[in-house]
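Undergrad: Starting off with a structure, shown below.
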Amino acid sequence: MKTVVITGANRGIGLSLTTLYAQQNQLVYALCRQSSVELAALGDNVKVIEGVDVTQDAGIETMQNHLRGVNIDLLICNAGILRDERLDHLNLDTIRQQFEVNALAPLRVVASLQSQLVNGAKVAMITSRMGSITDNTSGGRYGYRMSKAALNAASMSLSHDLAPRQIAVGIYHPGYVQTEMVNYGGDISATDSASRIIGLIDTLSMETSGVFKHSNGQDLPW
């Protein structure tokens, strides 16, 4: 049995990842601001930790208190938000909010738990191809694109900084997933996306650490 920690585990991709790992009989610590009926029903293999707002000192402290002494085999930073800004309606507050949640918080989570990652552990960052500068063909979505590009940059640095301990870092675009974030307008279910991501994590190695991948296995450009 491996120990898996997942942020944003109460719904969407995070809930599906939690469900699938629980079905594999892994021990999952499911971090969230507030639990959900679906998360609470997953059984004894899932330890739900509420009150974890990864952008707040109190949330990080709650996470650390509940995970104290836990050796982590896999850390998945999944929590994220999507807002919409246009050049003619530039909301700097929502841009800052997305940087806090999508870029700074995952880095902070990894830094806060780094001593509990076992040698040879894995870290998975759930990002987006919208963070790709090369792939941007439509503009807009300033905060989301910029924050995910920042997350990609941080993830690459983590792949180097954690390498001496043989900790590999996966950087994954989940696909256009049917979640609340996109009003369920995606073209792939959260379960299918989570299954693909788990497959990528299973094959993640030091040789593929720091590679930006689509959940379908395709390498994505920066």
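Undergrad: Condition first: over 17 Å from the mean Cα position of the chain (by Cα), within 18 Å of L113 (Cα to Cα) and either of a type in the set (V, I, T) or outside any loop (DSSP other than H, G, I, E, B) (or both). Now tell me which residues in region 21-68 satisfy that.
TA: L27, K47, D57, A58, E61, T62, Q64, N65, H66, L67
Undergrad: Output the qualifying pairs, or none if there are none: Cβ atoms under 7 angstrom, residues six or more apart or on different chains, first residue in region 125-151 and buried (at least 18 other Cβ atoms within 10 Å of the Cβ), second residue part of a helix (DSSP H, G or I) and of a type in the set (K, R).
TA: T127/K148; S128/K148; M130/R145; M130/K148; G131/R145; G131/K148
Undergrad: A follow-up question, please. Scan region 80-123 for residues that are free of Cβ contacts under 8 Å to residues at least 12 places away in the same chain and assigned to a strand (DSSP E or B) and jot them down.
TA: H89
Undergrad: Please go through (1) under 20 Å from Q178 (Cβ atoms); (2) at pLDDT 95 or above for G12 and return the number of the only condition it doesn't satisfy.
TA: Unmet condition: (2).
Undergrad: Out of all the residues in region 183-222, which are among the small types (G, A, S) and more than 16 Å from L74 (Cβ to Cβ)?
TA: G185, G186, S189, A190, S193, G210, S215, G217
Undergrad: Take the residues in region 78-124 that are small (G, A, S) and over 16 Å from T7 (Cα atoms), then tell me which one is surrounded by the most Cβ atoms within 10 Å (Cβ to Cβ).
TA: Here is the first cut: in region 78-124, the ones small (G, A, S) are 79-80, 103, 105, 111-112, 115, 120-121, 124.
Cutting the leftovers down to over 16 Å from T7 (Cα atoms) gives us 115, 120-121.
On the way: S115: 7, G120: 11, A121: 21.
Filtering region 78-124 for residues that are small (G, A, S) and over 16 Å from T7 (Cα atoms), the one surrounded by the most Cβ atoms within 10 Å (Cβ to Cβ) comes out as A121.
Undergrad: At pLDDT below 95, crowded, with 20+ Cβ neighbours inside 10 Å and more than 30 Å from Q64 (Cα to Cα): is that true of G185 in this structure?
TA: The answer is no for G185.
Undergrad: Restricting to region 199-220, name every residue that is exposed (fewer than 10 other Cβ atoms within 10 Å of the Cβ) and either assigned to a loop (DSSP other than H, G, I, E, B) or hydrophobic (A, V, I, L, M, F, W, C) (or both).
TA: Within region 199-220, E207 is the sole residue that qualifies.
The values are calculated or read from the model by the stated rules, or taken from the named source; none is laboratory data. Computed from a predicted structure; not experimentally measured. Note that we place each Cβ from the backbone using ideal geometry, even for glycine, and neighbour counts take in every protein chain shown.
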